[in-house]
Amino acid sequence: MSDIKDISLLIDQAKKGEQKAFNDLLNLYWKEVYLFQLNKCKNEDEAEDITIKAFAKAFDKIDSYDEKFQFNTWLITIAQNLYIDHLRKKKTETVSLNKNRKEFHRIVDEDPSPSDKLIQEQNLAQLKAYISQLKPHYQEVINLRYFQELSYKEMATKLDEPMNNIKVKLLRAKKLLAEIITGK
């Protein structure tokens, strides 16, 4: 799916809010953006967090993407800016007194997709064993979504993170879980 026409089609579908297109773009570009971040911060967890934020921001701002530029260049630019912000925050660690800040995000779909339903129907004991192999923050989003059956909005509130971060973490967790289940 690395053909320019296919990528343009995915971007057009994502601009229309199609969740599968977001998932395909995430799968296509995750490794490139993650390795870029890992090279910058030399810490897997920080690189993963910044990569999740980069995809969340890109998906939130997908309408502003200019097709004169390559999509991966646009993603890397977002990731670079988030890394710079991350460094600034690290230097000036401050505590926010205002926990009630308002953030607005586009809601795509809060209902479980067919793939979500398939995951729910898996053998519970075996599935929990597979899930236990994920990093704790991925285990948490899987648990909140599929076992506690929280909506994206409820998950965002509970984890005090933007909804798009939750969606990207969940997409990534499902991809990693699928790789564990298939033995890749």
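For Asp49, only one of the following conditions fails: (1) closer than 17 Å to Tyr138 by Cβ; (2) of a type outside the set (S, T, N, Q); (3) more than 11 Å from the chain's Cα centre (by Cα); (4) surrounded by fewer than 20 Cβ atoms within 10 Å (Cβ to Cβ). What is its number?
(3)
Is there any pair linking a residue in the stretch 78-103 that is more than 15 Å from Phe55 (Cβ to Cβ) and modelled with pLDDT under 85 to one that is among the small types (Gly, Ala, Ser) and part of a helix (DSSP H, G or I), with Cβ under 9 Å and at least six apart or on different chains, and which?
Glu103/Ala156
Would you check which residues across the stretch 142-184 are of a type in the set (Phe, Trp, Tyr) and in contact (Cβ under 8 Å) with a residue 24 or more places away in the chain and list them?
Tyr146, Tyr152
Of the residues in the stretch 53-77, how many are farther than 19 Å from Asp12 by Cβ, surrounded by fewer than 20 Cβ atoms within 10 Å (Cβ to Cβ) and in contact with a helix residue (DSSP H, G or I) (Cβ under 9 Å, 6 or more places away or on another chain)?
Going through the stretch 53-77 one residue at a time, the tally reaches 2.
Please list, ordered by first then second residue, the pairs with beta carbon atoms under 6 Å, 6 or more apart or interchain, first in the stretch 49-71 and touching a residue at least 40 places away in the same chain (Cβ under 8 Å), second of a type in the set (Val, Ile, Thr) and assigned to a helix (DSSP H, G or I).
Ile52/Val168; Phe55/Val168; Ala56/Val168; Lys57/Ile78; Phe71/Ile7
Mind checking which residues of the stretch 29-75 are among the polar types (S, T, N, Q), under 23 Å from Leu134 (Cβ atoms) and in contact with a Phe, Trp or Tyr (Cβ under 8 Å, 6 or more places away or on another chain)?
Answer for the stretch 29-75, where residues must be among the polar types (S, T, N, Q), under 23 Å from Leu134 (Cβ atoms) and in contact with a Phe, Trp or Tyr (Cβ under 8 Å, 6 or more places away or on another chain): Gln37, Thr51.
Please state which of the following conditions Lys135 fails to meet, knowing it meets all the rest: (1) modelled with pLDDT under 90; (2) open to solvent by 60 Å² or more (accessible area, probe 1.4 Å); (3) of a type in the set (D, E, K, R).
Result: Lys135 passes all but (1).
For the stretch 161-173, indicate whether the set of residues that are modelled with pLDDT of 85 or more, open to solvent by less than 60 Å² (accessible area, probe 1.4 Å) and either among the polar types (S, T, N, Q) or over 20 Å from Ala47 (Cα atoms) (or both) is non-empty.
Yes: one or more hits.
Tell me which residues, restricted to the stretch 135-161, are closer than 10 Å to Ile52 by Cβ and of a type outside the set (D, E, K, R).
Answer for the stretch 135-161, where residues must be closer than 10 Å to Ile52 by Cβ and of a type outside the set (D, E, K, R): just His137.
For the stretch 1-44, which residues satisfy the criterion of being in contact (Cβ under 8 Å) with a residue 24 or more places away in the chain and loosely packed, with under 12 Cβ neighbours inside 10 Å?
Of everything in the stretch 1-44, those that are in contact (Cβ under 8 Å) with a residue 24 or more places away in the chain and loosely packed, with under 12 Cβ neighbours inside 10 Å turn out to be Met1, Ser2.
The values are calculated or read from the model by the stated rules, or taken from the named source; none is laboratory data. What you are looking at is a predicted structure, and each value in this text was computed from that prediction instead of being measured. For neighbour counting, all protein chains shown are included, and Cβ atoms are generated from backbone atoms with ideal geometry for every residue, glycine included. To get the accessible areas, we keep the full protein, side chains included, count just its heavy atoms, and leave off ligands, DNA and RNA. Shrake-Rupley method; radii C 1.70, N 1.55, O 1.52, S 1.80 Å.
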